[in-house]
Structures are given as structure tokens and as C-alpha cells.
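See below for the structure under consideration.
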Amino acid sequence: MMSKFPTYKEVPIAGNIYDPGKLVYKTGDWRTFKPVIDHEKCIKCYICWLYCPEPSIDRTKDGGVEINYEQCKGCGICAAECPVKCIEMVKG
Amino acid sequence: MVAIKDLPVEELYLPGHRLCPGCGPSIAIRMMMKAAEKNTIVTTATGCMEVGTTLYPYTSWLVPWVHTAFENTAATASGIEAAYKAMGRRSSEQRKINIIALGGDGGTFDIGIQALSGALERGHDFLYLCYDNEAYMNTGIQRSGATPHGASTTTSWGGKKIPGKPEWKKDLIGISIAHGIEFAATASIAYWNDFITKVKKALDVNGPAVIHILAPCPRGWRYEDKDTLKIARLATQTRYFPIYEFNNGKYTLNIKVPNPLPVEEFLKAQGRFKHLFKPEYSNEIQEIQEFVNKNWDRLEKLTTL
Amino acid sequence: MGKIVGLNGDEAVAYAAKQSSVDVVAAYPITPQTIMVEKFNEFVADGDVHTEFVCVESEHSAMSASVGASLTGARVFTASASQGLALMHEILYLASSMRCPIVMGIANRALSAPINIFADHSDMMGSRDCGWIQVYTEDAQEAYDWIIQAFKIAEDPDILLPITVNLDGFTISHSTQDVNMLDDKDVKKFLPEKKIEYLLDPEKPMTVGAGNNPDYYYELKMQQVEAMNKVPQVVKRVNDEFKNFSGRKYGIVDTYEIKDAEVGVMALGSVTGTAISIAEEMRMAGNKVGVIKPWFYRPFPSNEILTSLKNLDVLAVIDRAISFGAPFGPLCNDIMALLQNEEIDLEVFNVITGLGGRDITPNMTRSIFEKALEVQKEKKVKKPIIYLGVRS
């Protein structure tokens, strides 16, 4: 977060955002329960990735998935939709 | 048809938005961007998807994105399309861009229907995508022309005398098709493959196309956040929300439901229909079931045309 | 060097828009503006322009499509009047706040109810605070000249604000006048085609119209204030450049014999023509009278008006609109506010007249000057507002 808010001369014209993606608001602290993936059981079907409304499930280089806890709001859709039930919602 | 593994990994719709946990429309929009990809401009009507996805200096959109007002998103899209056409005429390169106008059910069925009708009639080359969560959720769950019969909202309470919204849902796709457009379809976030395929088809159309996607809202429909997809599936598996398309004069039911569940299964999973299960309103569920049956029969007949 | 042609005000505006190489016209018909869009559509039908004409289904969509096109980077013209302008009202604020240099011709007309298609300024005054630059013109020539200049002012990087060019319905919009039309090539030199730059470009994504909370909204409004404040200096530059090739001199405010005038009449729009001819007549009879005709209503030309009235004893301000419940008509309210902090010994009264197209005849205009001369003698305004021409 900015320590000092910009003046009207510093704010881009009309409040246009010219660098989308540069600032990402963190929503991880909205959460009560967090999803934890059992990677042993995961079949890498990407259903959780596709249905995440944030998205806060990233595809990893090794072809798997991992939760981005900085963003995850803890809705539990991933756990509910996982066809092999390898995601558990735990406190935190 | 597409495979999940073939969908772009790159996200053009970023996290950090302020939409509720388990938001159905957010899932719809993310899938839409997976289908449309980078060469796209999106204009969004006032509503959840607008207030939730941008708040200066934050934005979730990695494609050009414009919000102007509530009732005019189809008109704004018309202007964007017209500008590309005109500027292309005096330029060496003609650019073909996907233009998507995005509106909720309030912004589409009600306040935006005139602008949508005008844009469809004029034949602009764009996709209008209505994410339908069946009420004005952004302002706190008021009934819209898309709210189903019997649903309790903050302006159609399920009360002691009135069992929720007395009127029936508007037929958006019927209205759209009546404009003589080439492609119009319903979709659901529970059937991602069908939806993504339809977005691609709609963007390929040279002219206007409309997609109406059902996207449940945990807050307004009153179910647990995790159940968004389950509820969406029930909507189709009870034939409450049939998934079909109109493509060049031909109707197709894309999701066949040979053994439908009773509509009760869909209704009882949500708090907004809870009052219908009181004895004094027992006839309501039957009425809804009859409506669902009739609608399905009507669509099946259309597919034989 | 151009040519003299007989055109009504609306046609003059359409020709000006054509010569201004507009990319997009999104407009809806409404009397008395309709000829502007009809005429322009003829240019489209004949292939004389590259413009994309969007026949929208309402004025609300006309302005919305105009905003969409302008945000994309196109040069945009539209036109409206009366109820149409009122229907656009919401989106007028978006055009200015989103910094869209749209130019709009307005054939001023009364507002319902009762429905009345004739001239007054209620329509534009109703949208007075929408953040648009507002120009009022006296005749078809001025309307033509200001449309061409308007694009140049609006698109100036220091400004980026939309402009309305107002002409009185029927009086100007529908009466054929001599218009000195400039050569296409001269206009093109003065106002080249807009640079092709797609502002909404998937190659350079940006978010436009993001939600705003109390932490940023005010700063964006301040940007608009600053742009509005810069208008006079840009107008001066544009006017000078325009004069160089057209020979016609414009400014922020036009005046007639104001330097040594003791009594002045101020008005917007076509009535100033009548006022000037009456002033000429009264001058010949030995009365030191003059006329102040602000071309600009927004930004309000405070300095220029103060300069022009500093030697006056009496000023009569004509309003062609009512601000119900306010101390005066809209123009006079502004004049009173302007004089508040000035040490000027000036008597001011307001004349509200010409509503719903009611004629402001030479006799009525003469009576305004005579009233002002009377006030000069008595050194006191007895009636601050005169509702002139109403049966009572």
C-alpha cells in the first residue's frame, strides 16, 4: 500500500489504470478455512483450477496445482468439486 | 469441445477482486476470458462484476476494460465497435478484435434491454454476455426480470400472504433470437466445456451474439459458498435451466437431461425458496414444476424444427 | 478561400462535422436538431465520408456509443436537443469525467411539460454542470465555425473535454442564412484527421472507468477543474489559428460597442443579433449602449466579462431559461456571483424571456434597453427580475 496518496496531478487522467496487474489486492485474510491439497492423491485434472472464482489456484511447472494462500478466500469450491476428494478444508 | 489441459494457463482475469467467496459470476467471467483470450476488449455494466473487479488503483482485468454506466453496456460496445470500423477505414490495417459486453441480469433483462435490443438490431459485431444470478445482488438482492417465480428477495419477500416473486422469468434468449441474430445460447458455469465452446462460437459470428449464463450467487440464493457448482448442476439436472443454443436457425439442447430430478431438489437446496415448503404454499412447487415441464417441451419441439 | 452558400444552422453544423473528418457519429433524431443527422447521413450514404454512422435507439445510447467510440480513440460527433439532451444527462457526466473530446451540436429547445419544440435554453441549462465546455452561437456561420474549432479545443491534450455548440432551435437551426464555407483542404490543414491511436488496444491493456472510493474521486474532479481552467488559453490559440486562414475573429466573449457604453445588455444565442441591431439604432439616437455576447458559458468567462462591463452603470442580463426557485435566471445567477467580490458600481437586473420559442421581438428588445436607461437615471433597480412577454 502507498504510504502517501498521490495528488490530483499525479493520479493518471480520469483514474485510468495503465498498468493492470501491477497492484494486486490481497484477499487471503478473508478466509476462515483453507484448502489443503493431498498431492499424493491429486490426479492433476485441473477441475479445482478451472472452478476457482479468484483464481487462487496456480498451475505448477511440474504439472500439478497449488493454492495461492495470499488470495484464497476459502470458499471451498475446490474441495467440493475435486473428483478424488484430495482437498481438505482446514481451519486457517 | 475443448480439454481442460488445452485451456490457456495464462490468467487475463486476476485475483484480488472483492467478489464474495464462491461467486458464480466470477467463475463465468474467468471461463469467458479463457475462451476469448487476449485479443479482446470487455465493457461491463454496473453491477457485481464491475464494482467487484475494479477499485482504483486495483483491477482484475488484463485486457482493455471499460465501465461506463448500468443500462448502456451494449451501446458502449456499439461505440467501440464503430470506432474500430471507422478508424480501420483510414488505416492500412483492419483490426479484428473480440468485443464483449458484459451485464448482470438486472443490467440485461431490465434496465439494459433497450440498449441491448438496439445493438442487436443494428448488427454490431460483438458478444453480449449476461451473467444471470437472478436478482440485483450488488444492491442487496432485489428482484429483477430474471428472478424466478417464488424466489424471496428483498423486494419480493416470501411473506405471510405472498409466496415470493409472483411473476415468471423473462425469456432473454427468445427476445434475442427475435432480433434475427445468428447465435444465441444459454450456458451454465457447471458445464464449462459447453460454455467455453459457445463463447468461441459466438466470437466467430460476424455480427451480434448473445449468451445467457446461469451463475449462482451464494449470498442471494442462500446456500453454502462451496455449493455454487452443485446448485448450478441441479438447475440443469432438474431442467429448471435448460442449456441450449440457437445457431443459424437451428435449436440444439446441448445438455440432454433424460432422467430429470424433480425441481424440488433444486429449490430445497436454497434459502430463497425455503418458504415454498410451508404447507400453505404447497401448490407453488407444483406450479414451478409445470412451468419447467412446459418450457422443456417447448424447447424440445424447437429442436425438431 | 471558401464559398458563400445558403444553409440553415443544422446543415451548417453537418457540413462542419463532415469537414472535421469525424470517425463516428452516433445520434438519434429530435426536432429541431434532426437536420444535422439527416444531412450527415446523406454524406455517409453518398460515400463522401469514412464515418461510421450509428443509428442508435435513443439519445442515452447515442451518448453511450459516443463515449465508447471516443474512449477507443475515434473523433466523435453527435447532436441533440431538449428531451434528448435530458435523456443523455447521465452519460454527459461520463463523457466529461472520462475525458472524451466529443463535439455535440445542440439545437436548443424547451423542455417538457408541456411538450414544446421551440427555442429556449432550458435544455442546455439543465445540463449546465455536466462538465462540458458550452459554446452559444448567434447564427449559422458561428455554429459552423465553432464546430470546426470545437474539435481542436476539445482534443487539445491539456483539455480533453467534450464541447456542446448551441444554436437556437428553428430561429437558427431552420432558417437559411449565408454561410461562408471553408475549403475542405483548408479545414484539413487546420484540423487534420485524428491520429490513429487505439486507446482501447489489447496490445496495451488498460482499465477505464474503475470504481472509485472517497480516496480518489475528488482528485479526478480536480483534474476536470484544471482542464476547464485551461480552456481560455487554448481557445485563444485556436481562434488565432482559425482567423489566419478564415479571416474570421472569435474569442471567449463577443461585444458590441462596449468600450464606452454606460448601459449594456448581455445574452446568449440568437437574441444577441437583435440586441446588436437595436443597440445600433439607439446609439444613433445618442444613447451609450452596448451588447455583451458570451460565446462561452462554460467555462464561465469571468475575466472577459468583468473587463467588458467595468465601465457600465447598468447591465440587463437576458435569460432564456428559468432556474425555478433561484434568485435569478441561470446566466444572471452567474453574473451576480461574479460581481460579489468585485468593487464595481453596477446595477444589474434580469430579464427572463423567449421561453418555449416565444419571439423576442425588436420592440421587446428595445424595451430592455429602455428599462436599463431608466435604471441608469434612477440609479436603482426596482425590479430585479422582469418576466418579459408573459401575459399577466
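Assess whether B:D204 counts as being within 14 Å of the chain's Cα centre (by Cα), among the charged types (D, E, K, R), surrounded by fewer than 19 Cβ atoms within 10 Å (Cβ to Cβ) and more than 14 Å from chain A (Cβ to nearest Cβ).
So B:D204 fails the test.
Of everything in the stretch C:161-194, what is of a type in the set (D, E, K, R) and either closer than 25 Å to C:A81 by Cβ or touching a residue at least 40 places away in the same chain (Cβ under 8 Å) (or both)? Give them in sequence order.
C:D168, C:D178, C:D183, C:D184, C:D186, C:K188, C:K189, C:E193, C:K194
Within the bounds of the stretch B:15-37, is there any residue that is open to solvent by 30 Å² or more (accessible area, probe 1.4 Å) and aliphatic (A, V, I, L, M)?
Within the stretch B:15-37, none of the residues are open to solvent by 30 Å² or more (accessible area, probe 1.4 Å) and aliphatic (A, V, I, L, M).
Just the residues that are over 31 Å from the mean Cα position of the chain (by Cα) and among the acidic types (D, E), please, taken from the stretch C:182-227.
C:D201, C:E203, C:D215
Against the conditions (1) under 20 Å from C:D123 (Cβ atoms); (2) polar (S, T, N, Q); (3) in contact with a Gly (Cβ under 7 Å, 6 or more places away or on another chain), where does C:N239 fall short? Just the number, please.
(1)
This table checks each residue for (1) over 28 Å from B:Y56 (Cβ atoms); (2) touching a helix residue (DSSP H, G or I) at 6+ places or on another chain (Cβ under 8 Å).
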position	(1), (2)
A:K4	no, no
A:Y46	yes, yes
A:R59	yes, yes
A:Y69	no, yes
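Those residues that are open to solvent by 10 Å² or more (accessible area, probe 1.4 Å) and either modelled with pLDDT under 95 or within 14 Å of chain A (Cβ to nearest Cβ) (or both), I need them from the stretch C:147-173; list them, please.
If the condition is that a residue be open to solvent by 10 Å² or more (accessible area, probe 1.4 Å) and either modelled with pLDDT under 95 or within 14 Å of chain A (Cβ to nearest Cβ) (or both), then C:E155, C:D156, C:P157, C:D158, C:L160 are the ones that fit.
Looking only at helices (runs of 4 or more DSSP H) that fall completely inside the stretch B:40-123, which ones have 1 or more residues that are more than 10 Å from chain C (Cβ to nearest Cβ)?
Filter on the stretch B:40-123 gives B:48-51, B:113-122.
For every residue, the table says whether it meets (1) within 14 Å of chain C (Cβ to nearest Cβ); (2) in contact with a Gly (Cβ under 9 Å, 6 or more places away or on another chain); (3) buried (at least 21 other Cβ atoms within 10 Å of the Cβ); (4) farther than 22 Å from B:I100 by Cα.
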{"residue": "B:D125", "(1), (2), (3), (4)": "yes, yes, no, no"}
{"residue": "B:L129", "(1), (2), (3), (4)": "no, yes, yes, no"}
{"residue": "B:A135", "(1), (2), (3), (4)": "no, yes, yes, no"}
{"residue": "B:T139", "(1), (2), (3), (4)": "no, yes, no, yes"}
{"residue": "B:T155", "(1), (2), (3), (4)": "no, no, no, yes"}
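Could you check the stretch C:1-54 and list, in sequence order, the residues that are under 11 Å from C:I147 (Cβ atoms) and within 14 Å of another protein chain (Cβ to nearest Cβ)?
Residues satisfying the conditions are C:A17, C:K18, C:S20, C:V22.
Per-residue answers, yes or no, for (1) in contact with an Asp or Glu (Cβ under 8 Å, 6 or more places away or on another chain); (2) surrounded by fewer than 21 Cβ atoms within 10 Å (Cβ to Cβ); (3) modelled with pLDDT of 95 or more:
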{"position": "C:T365", "(1), (2), (3)": "no, no, yes"}
{"position": "C:E374", "(1), (2), (3)": "no, yes, yes"}
{"position": "C:V381", "(1), (2), (3)": "yes, yes, yes"}
{"position": "C:I386", "(1), (2), (3)": "no, yes, yes"}
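Among the helices (runs of 4 or more DSSP H) contained in the stretch B:182-271, which hold 3 or more residues that are farther than 19 Å from B:G106 by Cβ?
B:192-204, B:228-237, B:263-268
Counting only residues that are surrounded by fewer than 23 Cβ atoms within 10 Å (Cβ to Cβ) and under 25 Å from B:P258 (Cβ atoms), how many does the stretch B:209-230 have?
3
Tell me whether the stretch B:249-271 contains one or more residues that are under 29 Å from B:V199 (Cβ atoms), surrounded by fewer than 17 Cβ atoms within 10 Å (Cβ to Cβ), of a type in the set (A, V, I, L, M) and in contact with a Lys or Arg (Cβ under 7 Å, 6 or more places away or on another chain).
Scanning the stretch B:249-271, I find at least one residue that is under 29 Å from B:V199 (Cβ atoms), surrounded by fewer than 17 Cβ atoms within 10 Å (Cβ to Cβ), of a type in the set (A, V, I, L, M) and in contact with a Lys or Arg (Cβ under 7 Å, 6 or more places away or on another chain), so the answer is yes.
The values are calculated or read from the model by the stated rules, or taken from the named source; none is laboratory data. As the structure is a computational prediction, the values presented were derived from the model and not from experiment. We place every Cβ from the backbone using ideal geometry, glycine too, and count neighbours over all the protein chains shown. For accessibility, only protein heavy atoms count, side chains too; no ligands or nucleic acids. Shrake-Rupley method; radii C 1.70, N 1.55, O 1.52, S 1.80 Å.
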